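FYI, it's all coordinate maths here, none of it is from the lab. Quantities reported herein were computed from a predicted structural model and do not represent experimental measurements. FYI the Cβ positions are ideal-geometry reconstructions off the backbone, even for glycines, and counts take in every protein chain you see.
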Amino acid sequence: MILMYIKAFLVGGALCALGEIIILKTKLTPARILVCYITAGVILSAVGLYAPIVKFAGAGATVPLTGFGHTLAQGAISAVQEIGLLGAFTGGLAAASGGIAAAIFFGFLAAVCFKPKPKQ
Amino acid sequence: MKAENRIGYQTVEYKNKPLIAAYACAVGPREGQGPLGDQFDLVAQSPEFGQESYEKAEAALLREACHICLSKAGKGEKSIQAMLGGDLLNQIMASSLAARELKIPFLGLYGACSTMAESLLVGGMLCDGGYASPLLCTAGSHYATAERQYRYPLEYACQRTPAAQWTVTGAGAVMLSLDENSEKKPRVRLVRGCMGRVVDMGIADANNMGAAMAPAAAATLCAYFDDTKDDPRSFDRIITGDLGMVGSELLLEWSEKLGHPLPEEKMMDCGLTIFHPSQDSHAGGSGCGCAASVLCAHILPKIERGEWKKVLFMATGALLSPTTSQQGETIPGIAHAVVIEGVQE
Amino acid sequence: MQKSPSKQQFIQQYKRMVSAVTPKSKAAQGCLRAFWVGGVICVLGQVLIDVSMYFWQFSYTQGACFASISLVFLTALLTGIGIFDVIGKYAGAGTVVPITGFANAMVSPAMEFRPEGWVLGTGARLFTIAGPVLVYGIAASVLVGVIYYFLVL
């Protein structure tokens, strides 16, 4: 159990540190980093390289955006297995729907409740 | 017919030497905590300045600066014959909103962060030529409105690079007048101006605006010294608007390369003056409001008190738009300068 | 625009001067901060998964979904009260790369563009930063599904 946390910490931290290196070396904006990570996650997952990392590190691999890509890709693949070509379109979003719906809903809620403030 | 007030290629001479009859500035709370904190006419309690949106707050700050300037001069809105000004918003909206309330004939200007110098430069010509007197030259900016237009939402979590600058929340208004017989005798006047050319040295990094603007600043200074044969050392200060840490150093190096070495001890940058280094503004302040508020809070009073006799005030602007930046366009820079003198008794 | 070779050289000279003068970000410090903050967020995710599996008998997939939603909620709350951008300023990619970065990219414009109205402000601008993430993520997953259908099945 403790070992799992250590692995999650190390792998998750490493993925973030890698992101920081990319930001500093390439001057990519954070929005582009997010796009790169999610696309990389989809591709790595599709060729079967990401599942072992998830198995090894748990949330250390699923919480970073590459894990989001992994969820999308695995969702699409398993839906294709179940219902055929239609699944390519329904599977990805269905698997990732929790996070997306939460971000939309809580984003809206935050806009209702809070006002942005410049820092002093 | 020859333009007889023109000296050389880019410089103009104000034959009647318009007087600076009054000046005022209003700034945000962060600027109020800076080194010039007690010199501003008005420091807003909050960045909202009692308004519903930050755009309206920016307009209100500008309007307030104009009101204070008018009351210092003891003049009503009706007696002002023109108002020149601009800001960083699309369609220079904050200035238009301020002008809507003031009901003074309004000429909108856009020169990015160079707007304060631009309004003085053009205002000086209108006044000198006898087309408007008294008139108001203004400029303003707001951190929150500039961030959302040029960068990210306020609550978006991202790191600023060390070369990034912090947009000043503030506005300044300067009243120019030909009238020598006003009650409070003005002691400061405009002598010359230098119109800047747009210079682009291929800098595309919007987080390093000092580097994008420094070549324009060097070009304007070189043009001025070529046109007038003035000695840079004859000025008490050569003041730049918001080149920041990076741009100020580049200006010194690049001017030297262009054959006009500048006296380092006489250089001053408003962006490096307005915040304490501990205020985490990285390479310094920026925005139209930076040069405008430092001019009205710090520079003009010093000339009025006689501490400085003659200064060259040059504000620099990075003429970037998010649209063309995203299309990969580099950042054109511009710098306008005016020479301000204390009136000899 | 066509530039003469000497002008080209002139510009190159200036660019060299700029990179000499411009201060650099501290890479080692930045990576370390991103590493530990990102690591802690991932451990928090793991704790949320384990807790939900233990108390509510969630499956692993359900637990992961619960962890995502909880982290998104936490980010929205911290963004709303103006703390998240302070953390992000410290941690850099440490908060960008985990799902917290995605959530912050949705929540912050939703708040920011509220003055422009509920529909065209908050509603439309919610996706200004995070929209591309969904576009490329979902498009790639559809492509993967289609390729999988024709190649594997």
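First check a/c for the range B:30-114, with a ≥ b ≥ c the square roots of the eigenvalues of its C-alpha gyration tensor; if it is under 1.5, answer rounded, and if not, answer prolate when a/b is larger than b/c or oblate otherwise.
Working: a/c = 1.65, a/b = 1.20, b/c = 1.38.
It is oblate, given that a/c is not under 1.5 and a/b is not larger than b/c.
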Notebook entry, point to check: What order do you get for A:Phe56, B:Phe225, C:Phe150, C:Phe73 when you list them from fewest to most C-beta neighbours inside 10 Å?
Noted result: C:Phe150, A:Phe56, C:Phe73, B:Phe225
Notebook entry, point to check: Considering amide H positions built from the backbone, and no H for Pro or chain starts, which residues 5 or more places from B:Leu107, or on another chain, come under 5 Å of its amide H?
Noted result: B:Met83, B:Leu84, B:Gly85
Check: So how do A:17-29, C:115-127 stack up, highest first, on mean other-Cβ count within 10 Å?
Finding: A:17-29, C:115-127
Checklist line | Shape call, the range C:80-153: gyration tensor on alpha carbons, a/c limit 1.5 | finding: oblate
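Please work out whether chain A counts as rounded, prolate or oblate from its C-alpha gyration tensor, where a ≥ b ≥ c are the square roots of the eigenvalues and a/c under 1.5 means rounded, while otherwise a/b larger than b/c means prolate and anything else oblate? Mind showing how you got there, number by number?
Details: a/c = 1.69, a/b = 1.20, b/c = 1.41.
Since a/c reaches 1.5 but b/c is at least a/b, the shape of chain A is classed as oblate.
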Next item on the list: Please tell me the relative contact order of chain B in percent, rounded to the nearest whole number, where contacts are Cα pairs under 8 Å and at least six residues apart.
Entry: 25
Next item on the list: Could you name the lysines whose alpha carbon sits less than 28 Å from that of B:Lys309, not counting residues in the same chain fewer than 8 places away?
Entry: B:Lys15, B:Lys17, B:Lys72, B:Lys75, B:Lys184, B:Lys185, B:Lys229, B:Lys266
Notebook entry, point to check: Lysine pairs in chain A with alpha-carbon atoms under 27 Å apart, 8 or more places apart or on different chains: how many are there?
Noted result: 4
Next item on the list: Return the inverse of the average 1/r over all pairs of distinct C-alpha atoms in the protein assembly as shown, which is the Kirkwood hydrodynamic radius, in Å to one decimal.
Entry: 26.2
Notebook entry, point to check: If you count the DSSP beta bridges with both ends in the protein assembly as shown, what percent of them are antiparallel, to the nearest 5?
Noted result: 70
Checklist line | Amide H contacts under 5 Å for B:Val343, placed H, 5+ residues apart | finding: B:Val188, B:Arg189
Notebook entry, point to check: So what is the relative contact order for chain C, in percent, with contacts set as C-alpha pairs under 8 Å and at least six apart?
Noted result: 18
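So how do B:Glu64, A:Glu82, B:Glu48, B:Glu118 line up by other beta-carbon neighbours within 10 Å, fewest first? Intermediate results must be reported in sequence, preceding the final value.
Details: B:Glu64 21, A:Glu82 11, B:Glu48 18, B:Glu118 28.
Taking fewest neighbouring Cβ atoms as first place, the list is A:Glu82, B:Glu48, B:Glu64, B:Glu118.
Ignore the peptide's own chain and count Cβ atoms of other chains within 10 Å of each Cβ in B:254-261; give me the average, rounded. Walk me through the intermediate numbers first.
Working: counts 4, 0, 0, 4, 0, 0, 0, 0.
Shielding by partners across B:254-261 averages 1.
Let me confirm one metric for peptide A:70-79, namely the mean number of other chain beta-carbon atoms within 10 Å of its residues' beta-carbons.
For peptide A:70-79, the averaged partner shielding equals 5.
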Check: In peptide C:10-16, what is the residue-averaged number of other protein chain Cβ atoms found within 10 Å of each Cβ?
Finding: 4
Next item on the list: Please report, in debye to the nearest 20, how large the charge dipole of the range B:188-342 is about its Cα centre when each Lys and Arg carries +1 at its beta carbon and each Asp and Glu carries -1 there.
Entry: 520
Next item on the list: With only Lys, Arg, Asp and Glu charged, each at its Cβ (+1 for the first two, -1 for the last two), find how big the charge dipole of chain B is about the Cα centre; round to the nearest 20 debye.
Entry: 800
Check: Going by how many other Cβ atoms sit within 10 Å of their own, how do B:Glu58, B:Glu52, B:Glu155, B:Glu253 line up, fewest first?
Finding: B:Glu52, B:Glu253, B:Glu155, B:Glu58
